[in-house]
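The values are calculated or read from the model by the stated rules, or taken from the named source; none is laboratory data. The shown structure was predicted, so the numbers you read here are calculated from the model rather than taken from an experiment. Here Cβ is always computed from backbone atoms with ideal geometry, including for glycine, and neighbour counts include all displayed protein chains.
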Amino acid sequence: MGIVRNLCSLKFEVKVVEARNVELKSSPSSLFVRFYLHAGSNRKVELNSTEICSRPDNEVMIWNQSFGLECQGDETAVEELKQESVVFELRRRKTTSFMSKWSRSELVGRGEVPWKSVMESDGMGWK
């Protein structure tokens with residue numbers, strides 16, 4: 001007989017909505033949101049939103065893009081996840097070069113949300 005483990009499942013949606021009051025250098029650029037999710041064993045998953053053109057008037061930039069994700073793991077994995085954070089970065093890429101899609105991006109802003117606070121919020125729970 002094999003070892004029976006209780007697996008937990010977490011489904012969630014990350015929605016990138018908008019950016020406000022972003023001051024950028026004058027050169028044309030595109031903006032995107034990159035976020036990192038803990039994947040266990042000191043590994044991280046990196047996801048990028050769609051790139052949108054920056055606006056010179058610092059108006060609201062809108063993405064309205066969603067990512068649906070599902071995770072499964074045992075109770076040890078859940079406890080490990082509770083010690084981690086989701087890291088969000090607003091990044092800028094210059095659009096003047098021919099190969100702009102493959103050029104390096106630079107960090108504009110960064111934020112973290114601890115998984116523990118996500119899991120303890122209303123309506124959240126493991127199945």
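Here are a few things to note about the model shown:
- Condition check for residue 42: out of contact with any His (no Cβ under 9 Å at 6 or more places or on another chain) and at pLDDT 90 or above: no
- If you filter the stretch 50-62 down to residues that are surrounded by 14 or more Cβ atoms within 10 Å (Cβ to Cβ) and in a strand (DSSP E or B), you find that the one that is modelled with the highest pLDDT is 52.
- Scan of the stretch 63-86 for residues that are within 22 Å of residue 15 (Cα to Cα) and at pLDDT 85 or above, ordered by number: 63, 64, 65, 66, 67, 68, 84, 85, 86
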